[in-house]
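The values are calculated or read from the model by the stated rules, or taken from the named source; none is laboratory data. In this text, all values refer to a predicted model and were calculated from it rather than measured experimentally. Reconstructed Cβ throughout: ideal geometry from the backbone, glycine too, with neighbour counts over all protein chains shown. For the accessible areas, the whole protein counts, side chains as well, though only heavy atoms, and no ligand, DNA or RNA atoms are used. Shrake-Rupley method; radii C 1.70, N 1.55, O 1.52, S 1.80 Å.
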Amino acid sequence: MSERPQMVLAGNTAGRERAGGHAWALAQWALGLRAAGVRTTVAPPLGDALTPITHFEAPHDASGAGILNAMGFLSRDALDADGPWVFLDLDPGYPQMWRELGLADLLAGHDRFVTLGANVGREGCAIPDCGVEWIATPPPVDLAAWTPTPACPRGRAFTSVATWRNPYGTVAFDGIAYGSRVHEFRQFLELPRLVDAEFELALDIDAAETRDLAALEANGWRLVDPQQAAGTPQAYRDYIRGSRAEICIAQQMYVATRSGWLSDRSVCYLASGKPVLAQDTGLADHYPVGEGLLTFSTLEEAAAGVEEIERNYERHSAAARALAEDCFDARKVLGRLLERLALPVGAAA
């Protein structure tokens, strides 16, 4: 029988609350690798979290397999594998700055380095390259799992699933403080008051954030419990596919560094035929923007983006799915990545 490459995808959703989105983020990679012809297993198994999506096996004999190690989750002594170890950077800026600051070296022990930050290693991006060569890749989406839904009637909300403050905290690097989503979101609080559209967030925000909670409510942001809205993979998918569009306000780390980051969540919206209005992180140099995927940097640009989507919703909805098919199809994205990684062929299938 012909030989196929082997890959172990290492990542973790265990113990995470509201894990629907985290589970899907890893699932897209596993599904895409398999569709690209790679024998793929997951370590540790994602188990019940992904049962509604597909079955993922426990790792088989990993000798000769490449290890795609999300955020350095596994150390080399945790898995008996002699194939190349590939660091998968899902949060561009954090692992690089932590290493340069001497706080944590997640890159240690890896042979190749992949990032969702399309600008990492390029001029104009403030993320240090740490002296290694970064391979940038778009976030993949499994098109069969995320199919277009009927056009949402006007009145359905622009939504997102998000955390107010990430668990990493603020990182100070080269005299600049890079913060969380809260540090970007506050400049867009007035958006619902400027446009004729509904806005809803499945937002993980601490009840102690009373000032921000009051400001969100006063400006017309409807908040729903993220555990109920997106706590499981099925609920997460249903929530996105039942939305009118996405409003994506990014973490300050991604915006201020000009990382070129695009959310794995946003490509799920696109594949579902939902337009995405995303805060600009340097996307235009890498993805076609203007139809289906629109970007903004200021409050005024965000309001104009909402109005454009509402004015030409059907066109932007169709363009969103087309963009997912052209740019983010997991089979194509990971097929190209595997070619760039040039991983050795593993055991016979």
### Message
Run the numbers for LEU101 and SER297: contour at 0.36 nm per residue of separation, minus the present Cα-Cα distance, in nm.
### Response
67.7 nm
### Task
Mind checking the per residue accessible area of the chain for me, 1.4 Å probe, whole number of Å²?
41
### Query
Counting pairs of alpha carbon atoms under 8 Å apart in space and at least six apart in sequence, what relative contact order in percent does the range 104-143 give?
43
### Task
Have a look at the range 222-349 and give its Rg and Dmax from the Cα atoms, expressed in angstrom.
16.5, 57
### Message
Using alpha carbons only, how many angstrom separate the centre of the range 289-316 from the centre of the range 101-173?
### Response
22
### Message
Which of the three applies to the range 83-149, rounded, prolate or oblate, going by the alpha-carbon gyration tensor with a ≥ b ≥ c and a/c under 1.5 meaning rounded?
### Response
prolate
### Query
Pulled fully out, how much extra length does the chain show between ASP111 and ASP326, if you take 0.36 nm times their separation in residues and subtract their Cα-Cα distance?
74.4 nm
### Ranked packing of 163-173, 298-308, most packed first, by mean Cβ within 10 Å
298-308, 163-173
## Note on the structure
Length gained, ASP285-GLU198, 0.36 nm per residue minus C-alpha separation, equals 28.3 nm
## Note on the structure
Connecting every pair of Cα atoms under 10 Å apart in the chain and solving the GNM, the largest mean-square fluctuation among THR159, THR295, THR210 falls on THR210
### Query
If you take the C-alpha gyration tensor of the range 245-315, multiply each eigenvalue by 5 and take the square root, what semi-axes do you get, largest first, in whole Å?
19, 14, 10
### Message
Suppose R0 equals 41 Å. What FRET efficiency, 1/(1 + (r/R0)^6) with r the Cβ-Cβ distance, do ASP174 and ALA207 give to the nearest 0.05?
### Response
0.75
### Query
Hey, how many Å between the Cα centroid of the range 193-217 and the Cα centroid of the range 239-271?
17
### Summary
One can check that the equivalent ellipsoid of the chain, built from the alpha-carbon gyration tensor with semi-axes equal to the square roots of five times its eigenvalues, has lengths in Å, largest first, of 33, 23, 19
### Query
In the chain, with Lys and Arg counted as +1 and Asp and Glu as -1 at Cβ, which of these residues, LEU33, THR170, ALA342, has the Cα nearest the positive end of the dipole, that is, farthest along it?
LEU33
### Task
Binning at 5 Å from 0, report for the range 130-202 what percent of all alpha-carbon pair distances ends up in each bin.
3, 10, 12, 14, 17, 17, 14, 8, 4, 2
### Task
Please list, in chain and number order, the residues 5+ apart from THR163 or on another chain whose amide H is under 5 Å from its amide H, with Hs placed from the backbone.
ASP204
### Query
For the chain, what is the calculated [θ] at 222 nm in deg cm²/dmol (nearest 500), taking -39500 (n - 2.57) for each run of four or more DSSP H residues and dividing by its residue count?
-8500 deg cm²/dmol
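Suppose a student asked you for the relative contact order of the range 155-247, using Cα pairs under 8 Å spaced at least 6 residues apart; what percent would you report?
39
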#### Entry: VAL42 long-range amide H proximity, modeled H, under 5 Å
LEU9, GLU57
### Query
How large is ³J(HN,Hα) for each residue in the range 277-291, as worked out from phi by the Karplus curve 6.51 cos²θ - 1.76 cosθ + 1.60 (θ = phi - 60°), to whole Hz, x for Gly and Pro?
10, 10, 4, 6, 10, x, 6, 5, 6, 10, 10, x, 10, x, 9
